[in-house]
């Protein structure tokens, strides 16, 4: 059976949903509307305190990194929680660079930009795309740009956002025999508007983004282009990003 049949591509979802950048712009508008409902005195006081602490230079650096994150695509190729309060992730870029990001009490990214400015687009990608953190929060910006650390409460709040986006399907308990022929399920799990690609963490259903599906196991889908990036990095050890089926199955992704 051909690989096209074994791992079916979906049709391009033209004119279905807008890009994730539009989602972010919508979030800004909603954030502004919510802020307007607060009392002007409290809002003014808090804004002034942030303004006094963060310099214009710090604000410019953060906003620049934020803008770069919104206009670029990044791919999570590996991650782990080495402890309940420490996340380590490896990001792959379109220029084939790899960077290690750590989110814990102390923050880091292996790129030169972070070493220089204590902030970078890769670090913000992890916070925004993977953990769905509100990057417009003044408190968050203070923690990053001024204190260069997160508190225990902040980490708990951040890591709560990963429950849906990083939850992997349990891998098989025993390795499969290479000679074993596995039946195709041909069952794609339904896709919700809020579902994200497990590699780039942008919406699955987006204009001109084709999907591929793991029909041998979990039935989950991902962007075709993202899966190609994943295969390039993983090589012969390619597995499904979600159910982690081994290469004798995922070689069908070629």
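Throughout, read-outs are computed from the coordinates displayed, never taken from laboratory work. The structure displayed is predicted, hence computed values, not measured ones. Here the Cβ positions follow ideal geometry from the backbone for every residue, glycine too, while neighbour counts run over all protein chains shown.
Worth a mention:
- Here r is the Cβ-Cβ distance between residue 79 and residue 142 and R0 is 45 Å; the resulting FRET efficiency, rounded to 0.05, is 0.95.
- Relative packing of 70-80, 148-158, which averages over residues the other C-beta atoms within 10 Å, highest first: 70-80, 148-158
- Value of relative contact order over the range 54-160, rounded to a whole percent, pairs C-alpha under 8 Å and six or more apart: 24
- Once you reduce the range 53-95 and the range 190-236 to the center of their Cα atoms, the two points are 21 Å from each other.
- Our summary gives the range 60-114 a relative contact order of 22 percent, counting only alpha carbon pairs under 8 angstrom and 6 or more residues apart.
- A simple spin-label model places pseudo-atoms 7 Å from Cα toward Cβ; at residue 59 and residue 72 they are separated by 2.4 nm.
- Computed extension gain for residue 110 through residue 160, at 0.36 nm per residue and net of the alpha carbon distance, reaches 15.6 nm.
- Considering all C-alpha pairs of the range 54-160, those separated by over 23 Å amount to 19%.
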